[in-house]
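The values are calculated or read from the model by the stated rules, or taken from the named source; none is laboratory data. Please read all numbers here as calculations on a predicted model, not as lab measurements. Here Cβ is always computed from backbone atoms with ideal geometry, including for glycine, and neighbour counts include all displayed protein chains. The protein model used for the area step is the full one, side chains on, heavy atoms only, and it has no ligands, DNA or RNA in it. Shrake-Rupley method; radii C 1.70, N 1.55, O 1.52, S 1.80 Å.
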Amino acid sequence: MFSKLPKHKTSIFSVMSKMAFEHDAVNLSQGYPNFETDQRLKDLVAKAMNEGYNQYAPLAGIAPLREQIVKKIESLHGEKYDKDSEITVTNGATQALFLAITAFVNPGDEVIVLKPAYD
C-alpha cells in the first residue's frame, strides 16, 4: 500500500490500540469505553441538540462550565480563579498540551522533554 506520509511512523495511539486488541486488554491510549453509553446521557444529548445546543462552543469553553470549574477549585482548594481569564476547557490532552506549550515556548527556546512522555 502506498503511504502519503512515508517518513512518518505509526502514531503511538495506533500502536497501543493494536496491542490492546491483540492482548484483549483495556485500551487506555485513546479513551475508548468498553461499555455502552448510558441511555439517560443519550437522552440528555438529544434533548440539548433539539433545544438548539448544536453549535461549536467558544474556544475557552462555555461560561457555565467554566463557572462550575471555578466553584469546584474553590471548594476543594480554597483558591478563586477568574472564569474568563484563568480557566480554559480543552478537547483533550493533545490540545491542552499544545496550548500550554505554545503559550510559553518561543522560537529558539530550549525545551527538555522527560521520557516516557505523552506522544
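Listed by position, the helices (runs of 4 or more DSSP H) contained in the stretch 1-88 that have at least 2 residues being free of Cβ contacts under 8 Å to residues at least 40 places away in the same chain and touching a Ser or Thr at 6+ places or on another chain (Cβ under 7 Å) are 12-22.
Residues SER85, SER14, SER29: which one is exposed (fewer than 10 other Cβ atoms within 10 Å of the Cβ) and of a type in the set (Gly, Ala, Ser)? Every option except SER85 fails the conditions. With the structure loaded, tell me whether THR94 is in a loop (DSSP other than H, G, I, E, B), under 26 Å from LEU28 (Cβ atoms) and either within 19 Å of the chain's Cα centre (by Cα) or in contact (Cβ under 8 Å) with a residue 12 or more places away in the chain (or both) or whether it fails that test. Considered against the rule, which asks whether it is in a loop (DSSP other than H, G, I, E, B), under 26 Å from LEU28 (Cβ atoms) and either within 19 Å of the chain's Cα centre (by Cα) or in contact (Cβ under 8 Å) with a residue 12 or more places away in the chain (or both), THR94 comes out as no. Among the residues of the stretch 97-117, is there at least one that is at positive phi and either touching a helix residue (DSSP H, G or I) at 6+ places or on another chain (Cβ under 8 Å) or open to solvent by 80 Å² or more (accessible area, probe 1.4 Å) (or both)? Yes. Summed over the stretch 51-65, residues that are over 19 Å from the mean Cα position of the chain (by Cα) and open to solvent by 100 Å² or more (accessible area, probe 1.4 Å) total 2.
Would you confirm, using the coordinates I've provided, whether GLN68 is within 29 Å of TYR118 (Cβ to Cβ), touching a helix residue (DSSP H, G or I) at 6+ places or on another chain (Cβ under 7 Å) and open to solvent by 80 Å² or more (accessible area, probe 1.4 Å)?
No, not satisfied.
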